[in-house]
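Taking it in order: structure first as structure tokens, then the write-up.
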Amino acid sequence: MDAQDGNQQSQQLILGHNVFLLKHPDVPDIEKVRLKDEVLNSVISNEMAPYYDTLAADKVVELDQNVLDSMRAKNEEEIKKLDEKIADAEENLGESEVREAHLAKSLYYIRIGDKEKALEQLKLTETKTVAVGQKMDLVFYTLQIGFFYMDFDLISKSIDKAKNLFEEGGDWERKNRLKVYEGLYCMATRNFKKATDLFLGSISTFTTYELFPYETFIFYTVLTSIISLDRVSLKQKVVDAPEILTVIRKIPNLSEFLNSLYDCQYKSFFLAFAGLTEQIKLDRYLHPHFRFYMREVRTVVYSQFLESYKSVTIEAMAKAFGVTVEFIDLELSRFIAAGKLHCKIDKVAGVLETNRPDAKNALYQATIKQGDFLLNRIQKLSRVIDL
């Protein structure tokens with residue numbers, strides 16, 4: 001896409017995010033007026049006739065037939081020129097020039113938002129490509145198309161294809177870029193644990209500016225780490241990570257969110273968490289998992305608080321979190337019923353009693369169960385042999 005080189009986010013992914021916000025019910029109408037202008041300006045300046053048609057069909061923008069016809073005429077004219085360049089390269093130039101001409105046509109289809117023709121042209125360009133690195137670049141273009149349209153099937157297949165290409169060779173820079181693409185895919189499909197591992201492995205080598213700025217990358221890394229890492233790992237890999245420390249304060253509420261959790265400042269944590277909820281809700285990749293993420297974060301923080309006690313009054317816990325007794329009582333009841341917290345509420349005494357599972361006892365019980373199963377299988381097998 002148009003920001004493949006340099007430190008700028010792809011204009012198409014910015015456009016995709018703006019379209020997402022235009023459709024979002026929580027975005028104020030006055031903000032949507034500005035967003036609609038930005039979307040239309042981007043679509044018209046890039047002559048995105050196919051995408052404009054799609055937006056109009058989805059009632060995101062009003063259809064102006066004159067604008068659509070004008071963009072279609074420009075598209076046809078440009079594609080004709082690109083076809084002439086391909087024909088000229090095939091007749092008069094070498095294989096690399098032929099590939100470049102086909103790639104230029106692929107990039108034009110990507111630019112105007114014609115998904116099917118872009119993918120078709122990228123496949124054709126691949127047949128003209130020999131070097132593994134150049135084939136990888138084509139996969140990255142395909143992945144960007146996948147993220148623009150949120151086509152997770154296309155993204156998954158492209159990631160698998162990229163990994164197969166790396167078995168043939170490939171440089172470390174592209175391998176590190178793929179980690180970020182796969183991490184974003186995992187986060188967008190609710191595999192936060194794997195996303196955390198991939199993001200943390202890319203912090204010091206991040207160059208994937210076409211997907212998002214470095215601050216956004218750190219934002220995603222911190223959010224996924226908090227619900228995926230244990231306390232010790234969180235301290236080593238996130239809280240004390242110099243790459244995170246350099247930018248975390250540029251992101252509103254994120255430093256307080258991370259550090260107040262680690263420092264057990266639960267009231268400050270809840271305030272920072274409340275400040276981040278809007279940002280999470282209005283994020284294109286996190287929005288579908290908003291409620292799930294909110295539950296997971298609360299599970300982490302409640303578990304951390306209760307870990308220090310065998311029993312504690314509900315009032316003391318409510319005070320620590322800066323909320324009412326009624327709120328904490330209702331919250332804990334839901335999490336206990338869902339099996340997320342290992343404690344019980346003594347409503348009469350107003351006390352919480354923890355009943356943490358014994359890991360050694362659980363392992364012993366599992367071993368006994370598996371042993372019984374194995375013995376039964378052996379007995380059945382011995383009967384068959386006796387026959």
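The values are calculated or read from the model by the stated rules, or taken from the named source; none is laboratory data. Here the structure is a predicted model, which means the values were calculated and not measured. Methodologically, a virtual Cβ is constructed for each residue, glycine included, from the backbone with ideal geometry; neighbour enumeration extends over all protein chains shown. Each accessible area value is taken on the protein alone, full model and side chains, heavy atoms only, with ligands, DNA and RNA left out. Shrake-Rupley method; radii C 1.70, N 1.55, O 1.52, S 1.80 Å.
Scanning segment 201-216 for residues that are open to solvent by less than 30 Å² (accessible area, probe 1.4 Å), among the aromatic types (F, W, Y) and part of a helix (DSSP H, G or I) yields a count of 0. With respect to the conditions (1) closer than 30 Å to K135 by Cα; (2) surrounded by 16 or more Cβ atoms within 10 Å (Cβ to Cβ); (3) of a type in the set (A, V, I, L, M), L93 lacks only one, and its number is (2). For segment 36-63, filtered to residues that are open to solvent by 70 Å² or more (accessible area, probe 1.4 Å) and not in a helix (DSSP H, G or I), the residue that is farthest from N18 (Cα to Cα) is L63. Does any residue of segment 217-236 turn out to be open to solvent by 10 Å² or more (accessible area, probe 1.4 Å) and within 23 Å of I14 (Cβ to Cβ)? Within segment 217-236, not a single residue is open to solvent by 10 Å² or more (accessible area, probe 1.4 Å) and within 23 Å of I14 (Cβ to Cβ).
Within segment 64-90, the set of residues being of a type outside the set (K, R), under 20 Å from L107 (Cα atoms) and surrounded by 13 or more Cβ atoms within 10 Å (Cβ to Cβ) comprises M71, N75, E78, I79, L82, I86, D88, A89, E90. From the list I79, I112, exactly one residue is closer than 30 Å to A131 by Cα, touching a residue at least 40 places away in the same chain (Cβ under 8 Å), among the aliphatic types (A, V, I, L, M) and touching a helix residue (DSSP H, G or I) at 6+ places or on another chain (Cβ under 9 Å). Which is it? None of the other options fit; the residue is I112. Counted as qualifying within segment 99-200 are the helices (runs of 4 or more DSSP H) with 2 or more residues that are open to solvent by 20 Å² or more (accessible area, probe 1.4 Å) and at pLDDT below 90, namely 115-127, 132-149, 152-168, 172-188.
Step by step: first the residues of segment 9-27, then only those that are open to solvent by less than 80 Å² (accessible area, probe 1.4 Å) and outside any helix (DSSP H, G or I), then the one that is nearest to H287 (Cα to Cα). Which residue is that? Filtering segment 9-27 for residues that are open to solvent by less than 80 Å² (accessible area, probe 1.4 Å) and outside any helix (DSSP H, G or I), the one nearest to H287 (Cα to Cα) comes out as H24. Based on what the data block shows, is V19 hydrophobic (A, V, I, L, M, F, W, C), farther than 30 Å from V130 by Cα and in the same structural domain as K128 (by the TED database)? Answer is yes for this residue.
Close Cβ contacts (under 6 Å, 6 or more residues apart or on different chains) running from residues in segment 328-347 that are of a type in the set (A, V, I, L, M, F, W, C) to residues that are open to solvent by 70 Å² or more (accessible area, probe 1.4 Å) and at pLDDT 85 or above are absent.
Scanning segment 232-268 for residues that are in contact (Cβ under 8 Å) with a residue 24 or more places away in the chain and over 23 Å from the mean Cα position of the chain (by Cα) yields Y262, C264, Y266, K267. Pairing residues of segment 299-320 that are more than 12 Å from C343 (Cα to Cα) with residues that are among the basic types (K, R) and not in a helix (DSSP H, G or I), at Cβ distances under 6 Å and at least 6 apart in sequence or on separate chains, gives T299/K340.
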